[in-house]
Amino acid sequence: MKAATGSTAPPVPERLARRKRATPTLDDSALSHLVGYAATRASLELKKVFALHMEPEGLRIAEFSILMLVAGNGDVNQKQLGQALDISPPNMAVTLDRMAERGWIERVRSTHDRRAQHIHLTKAGRAFAERMRQISMTMEEPALTALSRAERALLVEMLRKLVPGAARSPDG
């Protein structure tokens, strides 16, 4: 056990940095043929980027995705959002409740089917969504410096081909 005073151990961040440098890199060649492995590793890095930029705003990935889908699709309902994002109905309901409490969205009864409710952005939600969209336009840049713009566009295009029923962008 270390003494409470007079410790000569380096500060915690310095110790962690040394530990990271001292940890040898594992040979992952046995996994290199798996697209899923490479996509998962890339996803983990990009989720860190998202967290760095969006979590200070109190925004989670699912909430960001919902904001962008609602902003871009007009009349959209909970079921459509859940299907598009592969979120279960109970989890989608909880997420939408949280977003409504924060003043970003509102549920509006359909004029065509009184049983249905559409999800709309509030005025504050539209402004917030636009601000988050602006951040999202450049937040991944530092993480993607190894790829040219054309390679980035091609990567997105190829990954979208793997998602059943994914809408294609107008330019792709």
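A few comments on the model shown:
- Within region 129-146, the set of residues being in contact with a helix residue (DSSP H, G or I) (Cβ under 7 Å, 6 or more places away or on another chain) and either of a type outside the set (A, V, I, L, M) or open to solvent by 50 Å² or more (accessible area, probe 1.4 Å) (or both) comprises Arg133, Glu140, Ala143.
- Residue count, region 24-74 (criterion: over 23 Å from Pro142 (Cβ atoms), at pLDDT below 95 and of a type in the set (Val, Ile, Thr)): 1
- Test: residue in region 44-60 that is surrounded by fewer than 13 Cβ atoms within 10 Å (Cβ to Cβ), more than 30 Å from Met132 (Cα to Cα) and of a type in the set (D, E, K, R): no
- Count of residues meeting criterion [at pLDDT below 95 and among the polar types (S, T, N, Q)] in region 148-164: 0
- Listed conditions (1) within 22 Å of Met139 (Cβ to Cβ); (2) open to solvent by less than 70 Å² (accessible area, probe 1.4 Å); (3) among the charged types (D, E, K, R) are all met by Arg98, apart from (1).
The values are calculated or read from the model by the stated rules, or taken from the named source; none is laboratory data. Because the structure is a prediction, the values reported are computed rather than measured. For neighbour counting, all protein chains shown are included, and Cβ atoms are generated from backbone atoms with ideal geometry for every residue, glycine included. Ligands, DNA and RNA are stripped out before the accessible areas are found, and what is left, the full protein with its side chains, is counted by its heavy atoms. Shrake-Rupley method; radii C 1.70, N 1.55, O 1.52, S 1.80 Å.
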